[in-house]
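These notes are about the structure you will find just below.
Derivation of every value follows stated rules applied to the coordinates shown; laboratory data play no part. These numbers were taken from a predicted model, which means no experiment stands behind them. FYI the Cβ positions are ideal-geometry reconstructions off the backbone, even for glycines, and counts take in every protein chain you see.
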């Protein structure tokens, strides 16, 4: 008799996004991605435009021009079980 039950490919992988409330002076902003499995980056948007990005471990950095007023970062990832997960937009003001 074969066992029935959940298959590993359908596991519910949790994904968490962490960032500082406001980027600190002399510091490059980043988002730390924590998950139970591997995630792939699908999209990184700064102020509604796709931007170049790179990863250092769990930290995701992006190239961006400083904007006065509000800045918005949006990140979309895909999990090992093929789910798309979007980070709640990070809106912050650049302090000059």
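Observations on the structure shown:
- Fewest-first ranking of 42, 31, using other Cβ atoms within 10 Å as the exposure measure: 42, 31
- Virtual spin-label span in nm between residue 63 and residue 49, 7 Å along Cα→Cβ: 1.2 nm
- Only Cα sites of the range 13-91 enter the Debye sum here, all with the same form factor; the resulting log10 I(q)/I(0) across q = 0.14 1/Å is -0.44, listed in q order.
- In nm, spacing of pseudo-spin labels at residue 35 and residue 56 (7 Å Cα→C-beta vector): 2.1 nm
- Neighbour-count order for 48, 19, fewest beta carbons within 10 angstrom listed first: 48, 19
- Exposure proxy ranking, count of Cβ atoms within 10 Å, fewest first, for 46, 18: 18, 46
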